[in-house]
Amino acid sequence: KTSMSVVSESSSSSSNNGGGMILSVLLMVAVIAYTLYACITAYVQHKSSTTTASGASSSSSETNSSRIQKQVKFLSPFANIGNSVIHLLLIVYIKTSEGNEGPFPGGEELMKEDGIPTPAAQETMTSASSTESSSSPPSNDGGIILAIFLMVATITYVVYACVTVYVHHSESSSSSESKIQKQVRLLSAWANIGNSVIHILLVIYIKVHEGSEEAFWARERELEADGIGGPLGLAIFNGVAGMCTLHQKFLSFPLFWNTFVAVTGTLIPLVWLRFLEEGLSSWPYFIVFVWFTIFAMELSALSTCWTYKLIRTKEEVDESKSNKTKDE
């Protein structure tokens, strides 16, 4: 009976995910899906408005119908592509977790079919419970994690709303750039600038807690991830990318940088994978706030810079049509 209680306590402590943390992860996925939807919608609207402005004669009902058809046409393949990407990430995760002795995957093999633990399971889980009680950091509250996520979502929405109001109530400095293009470009710029600012705050936080004996900082020193070189470099590069986009200079650099950061951050286990596995449950709340903000800024910068790249200017559309006319 005593061993059963130890097993139940240790198994629940090692695999008990807070409801707020699960909801936060779900909202992260919802934000990614909505961002994809918004970018495709902006692309389709710009293409439709460009076609209408160039002299296409069609009724408003036909225009709306064709716009919806185009939007659905783009959403379907990108949903399939996203499904393919997440399965590839699952394969990478399975390969990197081979030989893992944790409760998932494979830990259930220590239990008999009737739920009674084997002697090996009793010994393993008893030792795990004793080590966890002495060395494991305190678990974060799921409700607080969800509140932090909603704080970051509010900040992101306020920036989006301010940029949108500014674009719709200011004259365009370039006659060849539509309002949708300007809005997407400014959102991309301020996403990179915001990413730079949050990394500067992270550098300050690291310097303030230099030499701390807390469990989080001990783990960071063990992984050699407690230095300021990485965050400082990311702050500089994100700031440069944001200023380039803001002033419409060297736009290929922000496109390359945002894509590089998204791909490498997703594939390196010590970045987003570690945040999902360890960060949500045990990291300091300020660090969780920083990572949620980085997530919002990187996602916004990546999606908007590619949307701006795919939306052609009016001059490019007119030039391509004139070239087609010449060829005919």
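The values are calculated or read from the model by the stated rules, or taken from the named source; none is laboratory data. What you see is a predicted model; the values in this text were computed from it and never measured. Note: ideal-geometry Cβ built from the backbone for every residue, glycine included; neighbour counts use all protein chains shown. Keep in mind that these areas ignore ligands, DNA and RNA; they rest on the heavy atoms of the full protein, side chains included. Shrake-Rupley method; radii C 1.70, N 1.55, O 1.52, S 1.80 Å.
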Exercise for the section: Set the Förster radius R0 to 22 Å, insert the Cβ-Cβ distance between THR164 and LYS70 as r into 1/(1 + (r/R0)^6), and round the FRET efficiency to 0.05. Expected result: 0.45
Exercise for the section: Starting from the Cα of GLN45, move 7 Å in the Cα-to-Cβ direction to define the label point; list residues of region 187-227 whose amide nitrogen is under 20 Å from there. Expected result: 187-191
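Taking the mean number of other Cβ atoms within 10 Å as a proxy for protection, how do you rank 204-214, 242-252, 284-294 from highest to lowest?
Working: 204-214: 11.6, 242-252: 16.2, 284-294: 19.9.
My ranking of the peptides, most packed first, is 284-294, 242-252, 204-214.
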Completion exercise
From the Cα centre of region 293-312 to that of region 193-241, the distance in Å is 23
Practice task
State, to one decimal in nm, how far the label point of TYR37 lies from the label point of GLU277, with both points 7 Å from Cα in the Cβ direction.
Solution key: 3.2
Completion exercise
Once phi for every residue in region 278-291 is put through the Karplus expression 6.51 cos²θ - 1.76 cosθ + 1.60 (θ = phi - 60°), the whole-Hz ³J(HN,Hα) values, with Gly and Pro written as x, are 10, x, 4, 9, 9, 6, x, 4, 5, 5, 4, 4, 4, 5
Problem - Cβ-placed point charges (K, R +1; D, E -1), dipole of region 146-281 about Cα centre in debye, nearest 20 - result: 680
Practice task
List the residues of region 260-299 whose backbone N lies under 17 Å from a point placed 7 Å from the Cα of ILE91 along the Cα-to-Cβ direction.
Solution key: 267-268
Fill in the blank from the handout: From the cross-link list LYS179/LYS249; LYS179/LYS309; LYS70/LYS179; LYS95/LYS207; LYS70/LYS182, the entries with a Cα-Cα span beyond 26 Å are LYS95/LYS207
Problem - Gained length - PHE256 relative to LYS207, 0.36 nm times residue gap less alpha-carbon distance - result: 14.6 nm
Practice task
Along Cα→Cβ, 7 Å out, is where each label goes; now give me the distance between the ones at ARG219 and GLU171 in nm to one decimal.
Solution key: 5.6
Handout entry: Stretchable slack from ILE228 to PHE286, in nm (0.36 nm times residue separation minus alpha-carbon distance)
Key = 19.2 nm
Completion exercise
Measure of exposure for TRP272: accessible area at 1.4 Å probe, Å² rounded to 10, is 40
Completion exercise
Taking every other residue with Cβ under 15 Å from the Cβ of TYR285 and scoring Lys and Arg +1, Asp and Glu -1, one gets -3
